[in-house]
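A short write-up of the structure that comes next.
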Amino acid sequence: MDKQIGDGAGRAEIAGTANVLVPAGGLSPACAPELVAEVEAARTYRLRARSANTLRAYASDWSQFQGWCWGRGLEPIPALPEVVATYLAALARAGRADSTVTRHLAAITWQHRREGLPPPSARDTHQLIADTLSGIRREQRARPTRKKAAIGAKDLAGMIAKVDGLGTRAVRDRAILALGLAAALRRSELVALQLADIQLVDQGLTVRVGHSKTDQEGEGATIAVPAGKVLHPVAHLNAWLTVRGGAPGPLFTRVGTRGEFTLEAMSDRSVARLVKSYAKMQGLDPETIAGHSLRAGFLTEAARTRASLAKMQEVSRHKSLKVLMGYVRSAEQFDDHAGAGFI
């Protein structure tokens, strides 16, 4: 519940703040403004513990949980463990991936803590939530999964060629496609890029990725992108910068139907739709393509051309080599095949 500190001009509401020490006799008016500022700083730091994309996803997931509860006459907060376990099962029945189900649970936990309430899992003495989630994961592991296909350099060059014209949207889309593969960027990373994250250098350009899925603390990484002989990411990006201008803000902005744009960031879903659209023009099956296909394309091509794991990891920023080895094994599965001499 919310606590109130001070009175008059020094009054502040503190939502979800635990372990705030207030003297038994009350807080003196002289101390109130300082404590208010410190509480606000603590709130700001808590929000920064999650990326902007994560917070947007949590807000959407929480809204869906609320709607599901209200539609069934159930209370979303404080939510009973039985209610949460049933909701997770409903998501799984609707075909949601276990990773999505897990994120919905994280959103519910986040909202409870934000409201200063213990999360449902902390009150789940019978482990209903944990067991339900475990069962969902076990069932989904038993199902055959179809991974999204990687887009190779040749196909991507074809896709870029099919982006017709010199209009604002066309120039932007070519730059997104080329840079997305050349820097092995996730779609969330593409839309999070700011103009200040790009530096043109003699050999090409550098991209500063300030926050990513595997870098929750925001340490950041700088990726080198060569000028290129096939995809020409620097040339395409320069063309977009000429249209976009030098105003600070998102690197890739939304573009209207008439080519007009403001300095408003694209959504990661719009990147996925963009990639699927041009993949279809190239003759690829859009059902097998996703925003991740650009990043997967870089790794697949790097493995095919015998790039070292260290150099691949430099660009992809994977924390573990296990995932990278999967791309290498896929590219090399027919090399020196054990049956090549007799099959």
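Each reported figure results from applying straightforward, stated rules to the coordinates on display, with no laboratory input. Note that the coordinates shown come from a computational prediction; the quantities given were computed from them, not determined experimentally. Positions of Cβ are generated from backbone atoms using ideal geometry, with glycine treated the same way; all protein chains shown enter the neighbour counts.
A few comments on the model shown:
- Order of Thr109, Thr288 - criterion: other Cβ atoms within 10 Å of each residue's Cβ, fewest first: Thr288, Thr109
- Dipole of the chain, positive direction: furthest Cα of Pro76, Ala52, Ala94, with charges on the beta-carbon: Ala94
- Cα-centre dipole for the range 52-142 with unit charges at Cβ (Lys and Arg positive, Asp and Glu negative), debye to 20: 260
- Within a Gaussian network of the chain (alpha carbon springs, distance under 10 Å), most fluctuating of Arg329, Arg187, Arg244: Arg329
- When the Cα positions of Leu241, Gly67, Gln127 are compared along the charge dipole of the chain, Leu241 comes out farthest toward the positive end, with charges on each C-beta of Lys, Arg, Asp and Glu.
- A Förster radius of 56 Å, combined with the Cβ-Cβ distance separating Ala37 from Ala340, puts the computed FRET efficiency at roughly 0.20.
- The range 163-255: GluC sites (Glu not before Pro) falling in loop per DSSP and having at most 15 other Cβ within 10 Å: Glu217, Glu219
- With Cα atoms, 0 to 90° folded angle of helix 32-48 axis to the chain main axis: 30
- From helices alone, the chain scores -16000 deg cm²/dmol at 222 nm; the rule is -39500 (n - 2.57) for each run of n ≥ 4 DSSP H residues, then divide by the residue total.
- Pair-distance profile P(r), taking every C-alpha pair of the range 64-114, with 10 angstrom steps and integer %: 25, 61, 14
- 12 Å Cα-Cα reach of Lys154 towards aspartates and glutamates, excluding residues that sit fewer than 8 places from it in its own chain: Glu301
- The distance separating the Cα centre of the range 156-206 from that of the range 262-296 comes to 12 Å.
- Computed Kirkwood radius, in angstrom, where 1/r is averaged over Cα pairs of the range 212-311: 16.3
- Anisotropy class of the range 52-142 from Cα gyration tensor, a/c 1.5 cut: rounded
- Summing charges over neighbours of His236, with a neighbour being any other residue whose Cβ is under 15 Å away from its Cβ, gives +4 when K and R count +1 and D and E count -1.
- Check: the range 153-332 dipole with +1 on Lys, Arg Cβ and -1 on Asp, Glu Cβ, in debye: 340
- Rounded to the nearest 20, the Cβ-based charge dipole of the chain about its Cα centre (Lys and Arg +1, Asp and Glu -1) stands at 1020 debye.
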